[in-house]
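Working notes, beginning with the structure itself.
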Amino acid sequence: MSNRVDQLLREMTPRERAEVEAFAAFVIARRNLMEPQVLTEGIPLDELMELVTRSGGFDWLEADEEDIYSVHDGEAVQWPTAQ
């Protein structure tokens, strides 16, 4: 460890050192999160689709309060003309 880090740690209160320790542990644990693993290999697509459908994770898309726009909202798109 560098002398500068050692000096900073010595100047901290025990509570501050505990925060630094917790943050260091988080940084090390985060390494595993940055390398996502595909866990769906070997599962047939139809089974995955059934799992997603039954999980309810997308049920909010069917909720009336989410349906706030209609075909009458917004403005017509003005496409640029070719020159």
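Please give the net charge around Arg4, taking every other residue with its beta carbon less than 15 angstrom from that of Arg4, where Lys and Arg add +1 and Asp and Glu add -1.
-1
Where in the chain are the DSSP H helices whose alpha-carbon span along the long axis reaches 24 Å or more and whose Kyte-Doolittle mean is at least -1.0?
Long hydrophobic helices here: 14-33.
Run the numbers for Glu75 and Ala25: contour at 0.36 nm per residue of separation, minus the present Cα-Cα distance, in nm.
12.9 nm
Values quoted throughout were computed directly from the atomic coordinates according to the rules given, and no laboratory measurement underlies them. Keep in mind that what you see is a predicted model, and the values were worked out from it rather than measured. Counting neighbours? That spans all protein chains shown, and the Cβs are built from the backbone with ideal geometry, glycine included.
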